[in-house]
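Values quoted throughout were computed directly from the atomic coordinates according to the rules given, and no laboratory measurement underlies them. None of the values given here were measured: they were computed from a predicted structure. We place every Cβ from the backbone using ideal geometry, glycine too, and count neighbours over all the protein chains shown.
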Amino acid sequence: MTDKYGTYIQKLMSVVLDEEQEEFVKNMSWGELKHIRDGLSSFLEKQKPKEPHEKQENPKQQLLFD
């Protein structure tokens, strides 16, 4: 699988840093980068591994040990 998002993000960043680009184009690229960041943050928060104390143990397993 190719790294299609890496290239896309890299191009957006280069547009934002390019002093010769129009301000409108820079703002569009900046907005797209923020959108990607928000999507990644949401995904990572949902997929975040739970801490051992946050895991819910299976009650059936607990009964076996009682």
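Which three numbers, in whole Å and largest first, are the semi-axes of the equivalent ellipsoid of segment 4-49 derived from its Cα gyration tensor as √(5λ)?
Sorted largest first and rounded, they come to 26, 11, 6 Å.
Points 7 angstrom from Cα along the Cβ direction at His35 and Val16: gap in nanometres?
Simple spin-label model gives 1.4 nm for this pair.
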